[in-house]
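Single-structure report; data block below.
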Amino acid sequence: MPINPAFTTTIDHVSILDEQGNFDSSLGDGLIPNEDVVAMYKHMLTCRHFDEIAFKLQRSGRMGTYPENRGQEVPSLAAAYVLQKKDWMVTCYRENAGLFWRGLPKEKILLHWMGDERGNFIDECNVTPLAIAIGSQMLHATGLAWASKYKKDGAIACTFFGDGATSEGDFHEAANFAANLDLPVVFVCQNNGWAISTPTKLECSAPTVAQRGLAYGMDCIQVDGNDIFAMVKVVKDAVKNARENNRPTFIEALTYRLGDHTTADDARRYRDADELEMWQKRDPLIRTRMYLEQRDLWDGAKEEEQLDLAAKEIIQVVKNAEEIDAPSATDFFDSMYTELPPELQKQRQTMRTSSLGQDPSQIEQTNEVRNSTNG
Amino acid sequence: MANLTLVQAINLALIQEMEKDDRVLLLGEDIGLNGGVFRATEGLFQRFGGDRVVDAPLAESGIMGTAIGLAMGGLRPIPEIQFEGFLGPAFDQLTNQCARSNTRTRGGLTCPLVLRVPVGGGIHAPELHSDSPEAIYTHTPGLKIVMPSSPYDAKGLLISAIRDPNPVIFFEPKRIYRAFREEVPEDEYTIPIGKARTVCEGEELTMVSWGATVVQCMNAIEQSGRSIELIDLRTISPIDTEAIAHSVQKTGRCVVVHEAPKTAGLGAEIAAGVMENCFLHLEAPVQRVCGFDTIMPYYKLELDYLPDAERIGKAITETLAY
């Protein structure tokens, strides 16, 4: 009996605008109107500045731990550019550029890292709050996509996670649910090479992370995640597949975090300086600017003007976050349930007046009983 | 009125709520054509179709996590975890995600869902099919937890749970899924979550229990011939402290009965509540009749583990003699 292949496939890698500024016209022409490239580049500059300011806020003690987004602006921005308003974007915590493009007020991200849940109250756009537990959000995206399919509202869900998250069981369960139940989900893995200090090869011994999706029967593709054109192209294809066919797609976006994991991390302990230097040259801002300058759409004056606008905007954003009224101590009771159960009402009312969190009238009641017993 | 078992009452409640509200859908392992391993969803797949009664892949975290997304997306999902022993893989999504959703978004993204879970021992089931983990989830702020002890209560409480805007765990005591029948109204009705039921009134002692052990308590009370007030909590979280306090202030004595292990079980919480509210009324220490602080044994010894009328009877005698 002959041995025949039961299944063979390849994983494609998509690149349109490379780090030297070379542009593949056959794939890239007409993909993004020039004015949109300009708008996205401006947005990237603003997000980069936001990131620098957020880092400084942490370093000067004005904000808690913060994960720098620097270097990873493109994947989420490209997705946000492609998604419709009704779609859901379900992120991890290195997707500020996409969240802001969708309309999330920037101060909400600062509030989150300033330890204030009001940063997670979002009614401006269909995005979920930052997911801190790695991998937890992919199932929520799958459920949201399922709800949209059930309601036939035409919306899809696009979820973001890192390379390390694909080791979590929840990734595999989400991929399996999405594929088996025909759900319109786009899975975007931002493979930045590191899960804190653990390199991707210790998370995944297959040649690509993308092929993890193959096991679940979904389309999989690898893309240069620092290339706005390639990212927009693959997300467009994936969104079409989701919206028209209710099929999920797995996108592995190769990118790099130019900063530490968070402000509490020091990547020099585990990353080579050479590697960092190589990726600094691949910075998505550098090549996007090259693309624009080659076409006379950008110059030094415009750069300066945009940086100036960004600085002004972010000053106001920081002001909004820092000058918000202090939260009331009772706030952490108030959204526990839609109606507060009696015990929680009691604890809320007496949190500062009784060591037991009890109704002070209890003391009077027991005194009465004591008196009547003695009598 | 129909004479129904507890599992039939659950089936009826699901049918009626699904007919009334098309946001309600079910997901779980083997709940479709098979009707669930206990037949709680029997006939629902045929009646409502595969879009509303969904056989999920065998992945508890996936069931719980996608149910969260469904709820955030405006639906009223009812995920089923096949046995309480398989809650482990769903624990993270349940406690770290579902229970926190409302408060971490300050009310922006609520998570209205009902997690149905068969619970407890007494049916000669294999390993990990007989535990009573309700205290673990009671210690998780943000969840509501309900456990019926009769067919009538099962229907009314389940309807309330489905309509509740908060996440609710609906524990179904499998020992009494088919142990007895009861008249269950065909018409829809609700039983409020958070309110206990006084099963029988009495003057000498208050007994507090929930789920399958309520039946054991009734047997013990009958055998004792004493005047004992039995309170069935119906809802474990939030506990109806007021009903317990009201009764113990009258009787001065309290026995708590549950299947779960004794240490850090709900009996301890109830005893502490009695101390807070009834200290000067007490005539005896609060007694607990519980499962032991051991791993639930395989079924040859499960009846030695579970509280029965004899052990409850001893607690009645000791507490009344104190």
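Averaging the sequence gap over all C-alpha pairs within less than 8 Å and six or more residues apart, then dividing by the number of residues, gives the stretch B:53-147 a relative contact order of 29 percent. Considering all C-alpha pairs of the stretch A:50-145, those separated by over 17 Å amount to 50%. For the segment A:165-178, counting C-beta atoms of other chains within 10 Å of every residue's C-beta and taking the mean gives 4. Determine, at each q value in 0.08, 0.10 (inverse angstroms), the log₁₀ of I(q)/I(0) that the Debye formula gives when each Cα of the protein assembly as shown is one equal point scatterer. Debye output, listed in q order: -0.70, -0.99.
Based on alpha-carbon positions alone, could you give the equivalent ellipsoid semi-axes of the stretch B:197-321 from the gyration tensor, as √(5λ), descending, whole Å?
Three semi-axes, in Å: 22, 16, 13.
In nanometres, what is the gap between the two model label sites at A:Asp182 and B:Gln223, each 7 Å from Cα along Cα-to-Cβ? Here the modelled spin labels are 5.8 nm apart. A full extension of the chain between B:Glu203 and B:Asn34 corresponds to an added length of 56.0 nm, given 0.36 nm per residue minus the alpha carbon distance.
Looking at the protein assembly as shown, the DSSP beta bridges with both ends there are about 15 percent antiparallel.
This ranking places A:Glu73, A:Glu364 by how few other beta-carbon atoms lie within 10 Å of each, fewest first, which gives A:Glu364, A:Glu73.
The calculated FRET efficiency for A:Gln84 paired with B:Ala268, based on their beta-carbon distance and R0 = 51 Å, is about 0.45. An oblate overall shape is assigned to the stretch A:123-172, the ratio a/c of its alpha-carbon gyration tensor axes (a ≥ b ≥ c) being 1.5 or greater and a/b not exceeding b/c. Only helices enter the 222 nm calculation for chain A: every DSSP H run of n ≥ 4 contributes -39,500 (n - 2.57), and dividing by all residues gives -14500 deg cm²/dmol, rounded to 500. Every Cα-Cα pair in chain B was counted, and those over 25 Å apart are 48% of them. Specify whether the C-alpha gyration tensor of the stretch B:132-222 places it in the rounded, prolate or oblate class, a ≥ b ≥ c being the square roots of the eigenvalues: rounded for a/c under 1.5, otherwise prolate if a/b is larger than b/c and oblate if not. Note, shape of the stretch B:132-222 comes out oblate.
Note on B:313-322: average number of Cβ atoms from other chains within 10 Å of each residue's Cβ is 0.
Could you work out [θ]222 nm for chain B from helices alone, using -39500 (n - 2.57) per DSSP H run of at least four and dividing by all its residues? Round to the nearest 500 deg cm²/dmol.
Values: 11 runs with 110 residues, N = 322.
Estimated from H runs of four or more residues: -10000 deg cm²/dmol.
The simple spin-label model puts a point 7 Å past each Cα toward its Cβ; for A:Asp36 and B:Lys20 those points are separated by 4.7 nm. In the protein assembly as shown, taking the dipole from charged Cβ atoms about the Cα centre, the farthest positive-side position among A:Ala264, A:Ile196, B:Met296 is held by B:Met296. Our note on the geometry: Cα centres of the stretch B:259-322 and the stretch B:35-70, 36 Å apart. Treating r as the C-beta distance of B:Glu318 and A:Ile132 and R0 as 51 Å, the FRET efficiency rounds to 0.55. Counting only other chain Cβ atoms within 10 Å of each residue's Cβ, the peptide B:96-107 averages 6. Packing here is the average count of other Cβ atoms within 10 Å per residue, and on that basis the peptides A:256-269, A:121-134, highest first, run A:121-134, A:256-269. The residues neighbouring B:Ser227, those whose beta-carbon lies less than 9 Å from its own, together hold a net charge of -3 under the Lys/Arg +1, Asp/Glu -1 convention. Relative to the longest principal axis of the Cα atoms of chain A, the long axis of helix A:73-82 makes an angle of roughly 90 degrees. The relative contact order of the stretch A:106-188, computed from alpha carbon pairs under 8 Å that lie at least 6 residues apart in sequence, is 27 percent. Pairs over the 22 Å Cα-Cα cut-off, from the set A:Lys42/A:Lys281; A:Lys86/B:Lys144; A:Lys152/B:Lys144; A:Lys86/A:Lys149; B:Lys144/B:Lys314; A:Lys42/A:Lys86: A:Lys86/B:Lys144; A:Lys152/B:Lys144; B:Lys144/B:Lys314; A:Lys42/A:Lys86.
Modelled this way, with points 7 Å down the Cα-to-C-beta line, the labels at A:Asp24 and A:Thr8 are 2.2 nm from one another.
For chain A, the alpha-carbon radius of gyration amounts to 1.18 times the rule-of-thumb value 2.2 N^0.38 Å expected for a compact globular protein. Annotation: the residues B:Asp55, B:Asp131, A:Asp331, sorted from fewest to most other C-beta atoms within 10 Å of their own C-beta, follow the order A:Asp331, B:Asp55, B:Asp131.
Read the figures in this text as sums done on the coordinates, not as results from a lab. Predicted model only: the values in this text are computed from it and were never measured. Cβ sites come from the backbone with ideal geometry, for glycine too, and all protein chains shown count toward neighbours.
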